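The structure appears right after this line, and notes come after that.
No value in this document is a laboratory result; all are computed from the given coordinates. All figures in this text were calculated on a predicted structure; none of them were measured in a lab. Don't worry about glycine lacking a Cβ; one is built from the backbone with ideal geometry, like all the others, and counts go over all protein chains shown.
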Amino acid sequence: MRYKSALCILLVILSFTACIPTKKITYLQKSESTTDSIIAVKRLQKPYRIQINDLLSIRVKALDQELVGMFNPIDENNLNATGEERLYYDGFTVDLHGNIRVPTLGEINVLGFTVEEVRERIEKELLDNYFKDEANIFVTVKLAGIRYTTLGEIGSGSQVIYKEQVTIMEAVANAGGITEFGDMTNVKIIRQYPAGEKVHSIDLTTIEATQSPYYYIQPNDLIIVDPLPQKALGVGTTGLATLRDVVGVITLLTSIILIVTR
């Protein structure tokens, strides 16, 4: 009798811990009160301010391109180098003091500035010291892609997306998606700030995630997806897999009982 009781208890435990509910593995579910099928993403993101180790792409154009050639170090004739490789070698990296070194202009502090503010500053420096208004110079400053890192139950490694704004959904998709054992309800984002790093979290199973201030990632973000308890238990994620595990346990226990009771 005690063997039957132990078997029943084991089966009850498995029934509660085995299957992963669909709600935990479905992205951006609408709440019961939501009736509109259109997702209105609330753009809470403030203008990004440049940090240490950011990589900037700076281009200067004018009526006479030879005049501004020294400010455009990227060799567009080198077809063997990929875009990312060229940016790595010819882009402008923000050093530990928050400076970039621009040809002729020297060191320029950009830490805490937006890319638009950096563009205005470089343009002003060029007009004040090197060019006249008639040169019609045109300066563009951009982040050389948004770089981030993923760890845990998601494709691990460093990723880069060449866009000015990237949502966490795009970042997850670009990394290969979250695995079936990933905890989508508590995705961690470790973000850099001037005073240090902070840990934020976002629940990707609810549509309210689009309203989060962390829905848009920032350069150098670290995205971590922890495993669900089912992974540690080693049980299946679907009903069929769970049934297979239960049958296997029952078969094993039955064999042990038969051996012990003989």
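Side notes on the structure shown:
- Hz values of 3J(HN,Hα) by residue in region 148-154 - Karplus curve (6.51, -1.76, 1.60), Gly and Pro given as x: 8, 10, 10, 9, x, 7, 7
- Once the Cα gyration tensor of region 88-173 is diagonalised, semi-axes √(5λ) in Å: 33, 14, 10
- For Asp203 and Tyr48, the FRET efficiency from 1/(1 + (r/R0)^6), where r spans their Cβ atoms and R0 equals 25 Å, is about 0.60.
- Burial order of peptide ranges 47-53, 206-212 (average beta-carbon count within 10 Å, highest first): 206-212, 47-53
- Per-peptide packing, taken as the mean over residues of other Cβ atoms within 10 Å, places 94-101, 137-144 in the sequence 137-144, 94-101 from highest down.
- Database remark: amide H of Leu56 closer than 5 angstrom to the amide H of Phe92, Thr93, Val94, Ala144 (H placed geometrically; neighbours at sequence offset of 5 or more, or on other chains; Pro and chain starts carry no H).
- Scanning residues 5 or more positions from Phe113 or on other chains, those with amide H under 5 Å from its amide H are Ile50, with H placed 1.01 Å from N in the peptide plane.
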